Structures are given as C-alpha cells and as structure tokens.
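Take a look at the structure below.
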Amino acid sequence: MESREQNTTTAITELISTNVAWLNQALSLVHQLDDVTFRSSPQGLAPHRVGSHLRHVLEFYECFLDGLRPLTVDYDARQRSHSVETSRDAASDKISSILRRLEDNPWIHSDSVMFVRMENAEEGRVENPFLRSSVSRELQALSSHTIHHFALIAITLRLHGFDVDPDFGMSPSTLRYQAAQLVLTHV
C-alpha cells in the first residue's frame, strides 16, 4: 500500500501531466487557427474571443507559478497582456514558456501549503484576504479552470465555423461518463 506521501507525489505528478496536456492541446489549437479567428468575436458573441480566453487561462498559470516560491498566489494580479490575446505567436511563446516552467520547477513537486488571495477581495472588507490552499489543490483548480475556458473557446470556434474536436473543452469525467453510457447502450 502506498504511503500518504507517495500517494501525494503520484497525485501531483498526475496533476502536472494533466495541466501539461491541456496546454499542449492549446498550443496545437493555436497553430491550427488563423489570426482573424484567434482574435475576433463571432457574430453575436462579443466580447468572447479565443485569444482573450486563452490569455486569461495562461495568466492564471503564471500567477500560480510566480507564487510557488513565496507560497502566495494572487490570481487577480494578472498582467492582462494584449499581445497574448491578439497574437498567435505571442500566445504560442507564452504557452511554451509556461510548459517549461511546469515541467522544470522543483517547487511544484512538494505539496506545500500555499496562501491564495480571495478573488475580488476589496481593500478593508476582509482583514486577511489570503486563504490556505496547497500546491496540489491549486493544480487541480487550474485544470478545472482551463477546461471551463476551453469549453468557451470551443463554442467560440464553432460559431466561427471552425471544426473543433468534440472532446475539446470536455471534462475527463464527462468523457468517461459518456463512454460508459455508450458501452451500456451497446450491451
């Protein structure tokens, strides 16, 4: 039987792999798009753009990675880079940079306690807006956050007329459920 520490190490490795897979999926998608599709809103869906959703996701990863060493994360402190939102090359470079940081950062493999600033914590309303979390919990949150925005990207692309893989932006648990239902209907 695996010890709790071994199980945590295995879980973190799996969470890193999952997040790396999402980012590789994004990198592949960016290379398939043209500039107009990447940076424009489909008719009736403004302000949703592939680039803006992708920038948002990437900046969450950056905030997390920047917070690994001090063990303090503030997701509201995003850079909101216009170039990542409007340039496929800038987005591709940013994804590649984040992938390297996820794969090479020694701090990511510990399940250290982290303190994460509450979203939208207005000055003076909460004495200490930092809540206890952990590296593994934040990796899980990043994965869920990414899938959520990938679903929005998929809708945006479909409205642009782009043929999106039907699994893109689908939660792994949903895909497993659908596969199980398919098996049950064919039994």
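The values are calculated or read from the model by the stated rules, or taken from the named source; none is laboratory data. This one's a predicted model, so the numbers in the text were calculated from it and none came from an experiment. Backbone-built Cβ (ideal geometry, glycine too); neighbour counts: all protein chains shown.
Okay, here's what the table says:
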{"quantity": "Residue list for segment 82-109, restricted to those being of a type outside the set (Gly, Ala, Ser), assigned to a helix (DSSP H, G or I) and surrounded by fewer than 17 Cβ atoms within 10 Å (Cβ to Cβ)", "calculated": "HIS82, ASP89, ASP93, ARG100, ARG101, GLU103, ASP104, PRO106, TRP107, HIS109"}
{"quantity": "Residue selected from segment 110-124 under the condition of a type in the set (S, T, N, Q) and more than 16 Å from ASP76 (Cα to Cα), by the criterion modelled with the highest pLDDT", "calculated": "SER112"}
{"quantity": "Matching residues in segment 24-56 - criterion: being within 14 Å of ASP93 (Cα to Cα) and surrounded by 21 or more Cβ atoms within 10 Å (Cβ to Cβ)", "calculated": "ALA26, LEU29, GLY51, LEU54, ARG55"}
{"quantity": "Meets criteria (part of a loop (DSSP other than H, G, I, E, B) and small (Gly, Ala, Ser)) for ALA77", "calculated": "yes"}
{"quantity": "Filter result (exposed (fewer than 14 other Cβ atoms within 10 Å of the Cβ) and modelled with pLDDT of 95 or more) within segment 71-81", "calculated": "THR72"}
{"quantity": "Selected residue (criterion: surrounded by the most Cβ atoms within 10 Å (Cβ to Cβ)) from residues of segment 57-70 that are free of Cβ contacts under 8 Å to residues at least 60 places away in the same chain and touching a Leu at 6+ places or on another chain (Cβ under 9 Å)", "calculated": "LEU58"}
{"quantity": "Total residues in segment 110-129, condition surrounded by fewer than 18 Cβ atoms within 10 Å (Cβ to Cβ) and among the β-branched types (Val, Ile, Thr)", "calculated": "2"}
{"quantity": "Candidate set from segment 1-16 (those that are loosely packed, with under 12 Cβ neighbours inside 10 Å and assigned to a helix (DSSP H, G or I)); member that is modelled with the lowest pLDDT", "calculated": "ARG4"}
{"quantity": "Test result for ARG55, of a type in the set (D, E, K, R) and modelled with pLDDT of 95 or more", "calculated": "yes"}
{"quantity": "Residue selected from segment 130-180 under the condition hydroxyl-bearing (Ser, Thr, Tyr) and assigned to a helix (DSSP H, G or I), by the criterion surrounded by the fewest Cβ atoms within 10 Å (Cβ to Cβ)", "calculated": "SER173"}
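Table: residues versus (1) among the aliphatic types (A, V, I, L, M); (2) modelled with pLDDT of 95 or more; (3) under 22 Å from SER143 (Cα atoms).
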{"residue": "ALA26", "(1), (2), (3)": "yes, yes, yes"}
{"residue": "ARG49", "(1), (2), (3)": "no, yes, yes"}
{"residue": "CYS63", "(1), (2), (3)": "no, yes, yes"}
{"residue": "SER83", "(1), (2), (3)": "no, yes, no"}
{"residue": "ILE108", "(1), (2), (3)": "yes, no, yes"}
{"residue": "VAL126", "(1), (2), (3)": "yes, no, no"}
